[in-house]
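Structure record follows, encoded as structure tokens.
The values are calculated or read from the model by the stated rules, or taken from the named source; none is laboratory data. This structure is a prediction, so every number in the text was calculated from the model and none was measured. Cβ: placed from backbone, ideal geometry, glycine included. Neighbour counts: every protein chain shown.
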């Protein structure tokens, strides 16, 4: 291997590429109950259940498809508990770092 190739390998190892920004849609729920918190007639997450679980130590999460991702920062996710949302951010270790979050109109 020549010097420029070694330099590129070294630089890549110190500066890994940024994780890709993605967008998910789903309901803000909690990571304890996850998809089992549907206590409303519309089978959407129940706000009281989510808040109770979070108060007891669970985290806010995004229920998207058949999966629940942890959302960070929690303070931004809390404002949307039990809401249908679109989240843009970066996924790492099952946690979405929120760049933007907005309600989806019904």
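Tabulated results
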item	result
Matching strands (runs of 3 or more DSSP E) fully within the range 49-106 where at least 2 residues are in contact with a helix residue (DSSP H, G or I) (Cβ under 8 Å, 6 or more places away or on another chain)	60-64, 67-72, 95-103
Qualifying residue in the range 63-81 (condition: at pLDDT below 95, more than 16 Å from the chain's Cα centre (by Cα), at positive phi and surrounded by fewer than 18 Cβ atoms within 10 Å (Cβ to Cβ))	no
Evaluation of residue 43 against (1) modelled with pLDDT of 90 or more; (2) outside any helix (DSSP H, G or I) (one fails), failing number	(1)
